[in-house]
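Heads up, the thing below is written out as structure tokens.
The values are calculated or read from the model by the stated rules, or taken from the named source; none is laboratory data. Small disclaimer: the values here were computed from a predicted structure and weren't measured. Virtual Cβ from ideal backbone geometry, glycine too; neighbours counted across all protein chains shown. Only protein heavy atoms, including side chains, enter the accessible area calculation; ligands, DNA and RNA are left aside. Shrake-Rupley method; radii C 1.70, N 1.55, O 1.52, S 1.80 Å.
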Amino acid sequence: MLQVHLPVKLFVFHTPELTPSDQVPDCAIAVDVLRATSTIATALAAGAEAVQVFSDLDELIRVSAGWDASQRIRAGERGGSQVEGFDFGNSPLACTPEFVKDRRLFISTTNGTRALACIRSAKVVLAAALINRQAVVDYLLKHRPETVWIVGSGWEGSYSLEDTVCAGAIAHSLHTSLGCSLTDLVGNDEAIAALSLYGQWHDRLHELLQSATHGQRLLRLELADDLKYCAQTDTLDVLPIQREPGVLVKN
């Protein structure tokens, strides 16, 4: 008997605060293009054993204290800058194989790790950025979860362009591959808005990220190379997936 796959129903939420508190999706995707999910994907691609995320810096220190110092990396970022006393900030460019291979990255950032904490109870939790967009889409096409939430990290509770355009990039690729109607795919107005933003800027993503408020913040911190790296699309074939609450591994 021919098995019929119903289209995925896709919802976009601009910040963790806007996600419904009384529902759990089949699949939830955290997005923090600048820069947590870009860093997580890059660390796993470079051979990190896992990435464990925390919204609280003190909890990170407490949990990571149980690991041998040679097997852990403590990464702390607030306001775009590295937290004093941590090994690492939140730059994907620092995630080289020499630094991260076979080590666990314990990370807390201003926004992205809060988004992951918000959705950790979903049946499947993924981390997406522009750099691994197609790997995320391939997973959705293969497994066809009935409901999918894409949750942007935003900036301290407010909307961010970069996370929304990434949600739009995922939605665009999914829509094209499924060949379904737009109304069959999208679950809320935010998903249509994300698709529209991506359609307007898909060939000028670096320019868009430079114009975004957090992009401007990173430029003031002289992190232009990070910005350029995070604006790339489909450069990593890696899918960070939650193995246990708060712990992401390479799928």
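Scanning the stretch 14-30 for residues that are closer than 16 Å to residue 157 by Cβ, surrounded by fewer than 22 Cβ atoms within 10 Å (Cβ to Cβ) and not polar (S, T, N, Q) returns 16, 17, 18. Just one residue in the set 85, 80, 47, 89 is modelled with pLDDT under 95 and in contact with a helix residue (DSSP H, G or I) (Cβ under 7 Å, 6 or more places away or on another chain); that residue is 80. Only residues that are aliphatic (A, V, I, L, M), open to solvent by 30 Å² or more (accessible area, probe 1.4 Å) and under 15 Å from the mean Cα position of the chain (by Cα) were counted in the stretch 118-157, giving 1.
Screening the stretch 31-74 for residues that are of a type in the set (Ser, Thr, Tyr) and over 28 Å from residue 216 (Cβ atoms) and picking the one that is surrounded by the most Cβ atoms within 10 Å (Cβ to Cβ) gives 64. For the structure I just gave you, tell me whether residue 108 is surrounded by fewer than 24 Cβ atoms within 10 Å (Cβ to Cβ), touching a residue at least 12 places away in the same chain (Cβ under 8 Å) and either of a type outside the set (A, V, I, L, M, F, W, C) or within 23 Å of residue 19 (Cα to Cα) (or both). Considered against the rule, which asks whether it is surrounded by fewer than 24 Cβ atoms within 10 Å (Cβ to Cβ), touching a residue at least 12 places away in the same chain (Cβ under 8 Å) and either of a type outside the set (A, V, I, L, M, F, W, C) or within 23 Å of residue 19 (Cα to Cα) (or both), residue 108 comes out as no.
The C-beta contact set for the stretch 173-189 (first residue free of Cβ contacts under 8 Å to residues at least 60 places away in the same chain, second residue surrounded by 13 or more Cβ atoms within 10 Å (Cβ to Cβ) and part of a helix (DSSP H, G or I), distance under 7 angstrom, 6+ apart or interchain) comprises 173/133; 173/134; 173/137; 175/185; 177/137; 177/141; 182/175.
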